[in-house]
Amino acid sequence: MVNFFKKNSITLFLMTEKGYEFLRKTIDDYRELFATVVIGSDQSLHNDYESDLINFCQDNNLPFIKRADFKRVETEYALAVSWRWLIDHPQDKLIVFHDSLLPTYRGFAPLVNALINGEAQVGVSAIFGASDFDTGAIIAQSKSSIRYPIKIAEAIVCINRNYLECANYVLSTLLEGLPLVATPQDESKATYSVWRDEEDYKIDWTKSASEIRRMIDAVGYPYLGAFTWLDGKKIRIFDGEETVDVKIENRQCGKALFIDAGKPIVICGQGMLKITEAHIEHDGKIEPFFPLTRYRLRFTN
């Protein structure tokens with residue numbers, strides 16, 4: 001015998017573009033399930049979508065509350081998308097959406113780290129809560145193949161489709177009053193993704209040009225962007241191109257060897273990288289990096 005769904009049975013924990021797109025794409029079909037939205041913020045992003053989520057909830061008469069004012073879950077289920085804090089709720093009633101193909105990339109910034117590593121596939125896993133983060137049984141997964149170069153903003157758009165595919169499975173199952181069937185993760189295949197902060201945005205010129213470019217692309221908008229130092233000033237780099245390597249007798253990584261169309265070509269551990277988009281951050285101000293005023297440039301870690 002099938003149990004009918006309960007109206008307003010889910011508290012949503014949402015933040016960033018991923019959470020906003022999740023809500024925007026599911027509200028028409030599953031509005032009756034949603035009781036309230038808890039909205040988080042992330043000051044490390046250019047746009048954390050907090051105001052977008054608030055405006056969307058207001059426009060759709062959906063109750064919401066900011067994370068700082070939230071007390072406890074009072075619904076049967078809690079569902080989290082792009083959430084970074086612990087949620088006090090029974091594990092078999094807590095559903096977490098994680099942007100990796102678990103059990104790989106458990107933890108923090110999984111999509112960013114997957115792009116830096118050059119993974120051919122990215123995706124989303126819907127799992128039950130667990131005492132250890134991202135170890136819960138897998139309810140649903142969706143994956144996408146990607147090609148490089150790819151910016152993080154493009155990858156987010158790509159996995160938003162994976163979020164929606166997992167969401168449709170989870171929410172339609174709950175709407176029909178059916179049980180969510182899950183499969184335990186294979187611990188032998190588990191890997192972990194470590195949190196990142198401003199220090200991790202720093203470019204290591206001893207790495208290959210391809211690795212550096214992937215890193216630049218992976219931490220660009222909506223994140224703050226990769227950076228390097230030049231004469232004590234922070235140079236924030238937003239785009240670059242790999243160029244043909246040459247034989248360098250005294251390879252000194254971080255030095256600009258050539259200038260092409262006014263843009264420096266920098267020696268890397270392997271290959272060379274042409275900086276094509278950048279600005280200077282100095283004394284709390286943003287200054288243009290181009291046009292170059294000199295050509296002997298040494299970028300440091």
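The values are calculated or read from the model by the stated rules, or taken from the named source; none is laboratory data. Just so it is clear, the structure is predicted and the values come from calculations on it, not from any experiment. FYI the Cβ positions are ideal-geometry reconstructions off the backbone, even for glycines, and counts take in every protein chain you see.
Restricted to segment 23-53, and to residues that are surrounded by 19 or more Cβ atoms within 10 Å (Cβ to Cβ) and of a type in the set (D, E, K, R), which residue is modelled with the highest pLDDT?
E50
Among the candidates W229, W205, which residue alone is more than 21 Å from G118 (Cα to Cα) and not polar (S, T, N, Q)?
Working: W205 fails: more than 21 Å from G118 (Cα to Cα).
Only one candidate qualifies: W229.
If a residue counts only when it is aliphatic (A, V, I, L, M), which strands (runs of 3 or more DSSP E) contained entirely in segment 1-84 have at least 2 such residues?
Working: elements: 10-14, 34-39, 64-66, 77-81.
Per the criteria, 10-14, 34-39, 77-81.
What about L180, is it in a helix (DSSP H, G or I) and either over 15 Å from the mean Cα position of the chain (by Cα) or not assigned by TED's automatic domain parsing to the domain that holds L45 (or both)? Let's see the steps before the verdict.
Details: in a helix (DSSP H, G or I): no; either over 15 Å from the mean Cα position of the chain (by Cα) or not assigned by TED's automatic domain parsing to the domain that holds L45 (or both): yes.
When the stated conditions are applied, L180 does not pass them.
Please go through segment 217-255 and give me each residue that is surrounded by fewer than 20 Cβ atoms within 10 Å (Cβ to Cβ), in contact (Cβ under 8 Å) with a residue 24 or more places away in the chain, among the β-branched types (V, I, T) and not in a strand (DSSP E or B), ordered by number.
V244, V246
Residues to consider are A68, A80; find the one that is surrounded by 20 or more Cβ atoms within 10 Å (Cβ to Cβ) and among the aliphatic types (A, V, I, L, M).
Just a single option satisfies the conditions, and that option is A80.
For R161, are the conditions met, namely being basic (K, R) and farther than 30 Å from D28 by Cα?
Details: basic (K, R): yes; farther than 30 Å from D28 by Cα: no.
For R161, the condition - basic (K, R) and farther than 30 Å from D28 by Cα - is not met.
W195 fails exactly one of the following numbered conditions: (1) surrounded by 15 or more Cβ atoms within 10 Å (Cβ to Cβ); (2) hydrophobic (A, V, I, L, M, F, W, C); (3) under 23 Å from the mean Cα position of the chain (by Cα). What is the number of that condition?
Of everything listed in (1) surrounded by 15 or more Cβ atoms within 10 Å (Cβ to Cβ); (2) hydrophobic (A, V, I, L, M, F, W, C); (3) under 23 Å from the mean Cα position of the chain (by Cα), W195 misses just condition (1).
Determine whether E211 is outside any loop (DSSP other than H, G, I, E, B), free of Cβ contacts under 8 Å to residues at least 40 places away in the same chain and closer than 21 Å to G118 by Cα.
Values: outside any loop (DSSP other than H, G, I, E, B): yes; free of Cβ contacts under 8 Å to residues at least 40 places away in the same chain: no; closer than 21 Å to G118 by Cα: yes.
No; evaluated as a whole, the condition is false for this residue.
Condition first: surrounded by 14 or more Cβ atoms within 10 Å (Cβ to Cβ), in contact with a strand residue (DSSP E or B) (Cβ under 8 Å, 6 or more places away or on another chain) and not hydrophobic (A, V, I, L, M, F, W, C). Now tell me which residues in segment 116-156 satisfy that.
Correct list: G123, S125, G129, D134, T135, G136, Q141, S142, K143, S144.
Inspect segment 245-261 for any residue being under 27 Å from the mean Cα position of the chain (by Cα) and within 23 Å of R147 (Cα to Cα) and give the result as yes or no. Walk me through how you get there before you give the answer.
So the first thing to find is which residues in segment 245-261 are under 27 Å from the mean Cα position of the chain (by Cα), and the list is none.
No; the residues of segment 245-261 include none that is under 27 Å from the mean Cα position of the chain (by Cα) and within 23 Å of R147 (Cα to Cα).
I need a count of the residues in segment 98-129 that are more than 14 Å from the chain's Cα centre (by Cα) and among the aromatic types (F, W, Y).
1
Here is a check on your reading of the model: is Y20 farther than 24 Å from L175 by Cβ, within 25 Å of the chain's Cα centre (by Cα) and buried (at least 18 other Cβ atoms within 10 Å of the Cβ)? Before the answer, list the steps.
Numbers: farther than 24 Å from L175 by Cβ: no; within 25 Å of the chain's Cα centre (by Cα): yes; buried (at least 18 other Cβ atoms within 10 Å of the Cβ): yes.
Judged against the criteria, Y20 is not a match.
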